[in-house]
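Structure, as structure tokens:
The values are calculated or read from the model by the stated rules, or taken from the named source; none is laboratory data. All values derive from a computational prediction rather than experimental measurement. Counting neighbours? That spans all protein chains shown, and the Cβs are built from the backbone with ideal geometry, glycine included.
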Amino acid sequence: MPTRTIARLFDEYADAAHAVRELEYFGVPRDDISLVANNADQRVLTESGDNEAVPGAEIGAGVGAVAGGGAGVLAGLGLIAIPGVGPVVAAGWLVALAVGAASGAAAGGLLGGLVGGGILREHAELFMEGVRRGGTLVTVRAPEERLAEIDAILDRNAVDPASRRAEYAAEGWSAFDPAGPILTKADIDRERTAARRQPLY
């Protein structure tokens, strides 16, 4: 059965986690859902949406349960590092693909996975930059007959990509740079504050 990849960027992890739980509730297989959330403050986001400190968490930490484990996607969150982004908590098919590619070069794997899944490269670049700046990316592989239903779930609190691209472009951004600087927690906090003023879908 032909499938398409749907991807949405969220400014708030809680909104992304809610969307993932709703997708699972409505029967989207967990193997078809992936989540990647910026973890610049070195805290793992638990399934409940609360933060749980991880002493000594470092960039380059082990993959952990990235590909699965537990009852749902959020129960399988693990810590990985993405060049140009830094530490993220992530789970699902896209992340497993990225970690398995190019000896764990996750940036190329995630970007390539999005593009290979049918996401336009310019959108994939925007999603990667959004995660770099503190966002959370949710991707779903879905059959054609469920696209409208899944779009409706994901669109509720997702970022408007056209507005976000315009905002980034106004700052001189044109594409995600895996060799670029990793933002600090203070940088991420500023990005999240600015993002709260931007329109959603």
Close pairs from segment 146-175: first over 21 Å from residue 37 (Cα atoms), partner in a helix (DSSP H, G or I) and of a type in the set (S, T, N, Q), Cβ under 6 Å, at least 6 apart: none
Scope segment 1-54; condition under 15 Å from residue 92 (Cα atoms), of a type in the set (Asp, Glu) and at pLDDT 90 or above; matching residues: 24, 31, 32
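Here's the yes/no breakdown for (1) out of contact with any helix residue (DSSP H, G or I) (no Cβ under 6 Å at 6 or more places or on another chain); (2) farther than 20 Å from residue 6 by Cβ; (3) among the β-branched types (Val, Ile, Thr):
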{"site": "117", "(1), (2), (3)": "yes, no, no"}
{"site": "126", "(1), (2), (3)": "no, no, no"}
{"site": "144", "(1), (2), (3)": "yes, no, no"}
{"site": "152", "(1), (2), (3)": "yes, no, no"}
{"site": "178", "(1), (2), (3)": "no, yes, no"}
{"site": "183", "(1), (2), (3)": "yes, yes, no"}
{"site": "193", "(1), (2), (3)": "yes, yes, yes"}
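State yes or no: is residue 126 under 12 Å from the mean Cα position of the chain (by Cα), modelled with pLDDT of 95 or more, outside any helix (DSSP H, G or I) and under 23 Å from residue 180 (Cβ atoms)?
no
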Residues of segment 88-116 classified as in contact with a strand residue (DSSP E or B) (Cβ under 7 Å, 6 or more places away or on another chain) and either surrounded by 24 or more Cβ atoms within 10 Å (Cβ to Cβ) or at pLDDT below 80 (or both), total: 12
